[in-house]
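Encoded as structure tokens, the structure appears first; notes follow it.
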């Protein structure tokens, strides 16, 4: 299973800039954290691989509501992307 993490971008509410998602490895998880106290934003986004695929967590929904913009706001908490042997179309 391949994941192009360089394509995950986020928008900073304060600076108005876009850049690749800075991820840190913590306890076998890739973690993105961003706090914006002025806007009361406390985003913690976790990506964890298991034998079946990729699990995404955004427990307080601050990442999907305030940091990630893809048109409509969709929750990324408790999303599981299943591993497959099929190719990309």
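Here are some notes:
- Against the test of being at positive phi and either surrounded by fewer than 14 Cβ atoms within 10 Å (Cβ to Cβ) or modelled with pLDDT of 90 or more (or both), the options 61, 80 yield a single qualifying residue, 61.
- Qualifying residue in the stretch 36-46 (condition: in contact with a strand residue (DSSP E or B) (Cβ under 7 Å, 6 or more places away or on another chain), surrounded by 11 or more Cβ atoms within 10 Å (Cβ to Cβ), assigned to a loop (DSSP other than H, G, I, E, B) and modelled with pLDDT of 85 or more): no
- Residue 27 meets the stated requirement of being loosely packed, with under 11 Cβ neighbours inside 10 Å and at pLDDT 85 or above.
- Total residues in the stretch 1-24 satisfying the condition of being part of a strand (DSSP E or B), surrounded by 11 or more Cβ atoms within 10 Å (Cβ to Cβ) and at pLDDT 65 or above: the figure is 1.
- Test for residue 71: is it at pLDDT below 90 and touching a strand residue (DSSP E or B) at 6+ places or on another chain (Cβ under 9 Å): no
The values are calculated or read from the model by the stated rules, or taken from the named source; none is laboratory data. Everything quoted here is computed from the prediction, not taken from an experiment. A quick note on method: Cβ atoms are made from the backbone with ideal geometry, for glycine too, and the neighbour counts reach across all protein chains shown.
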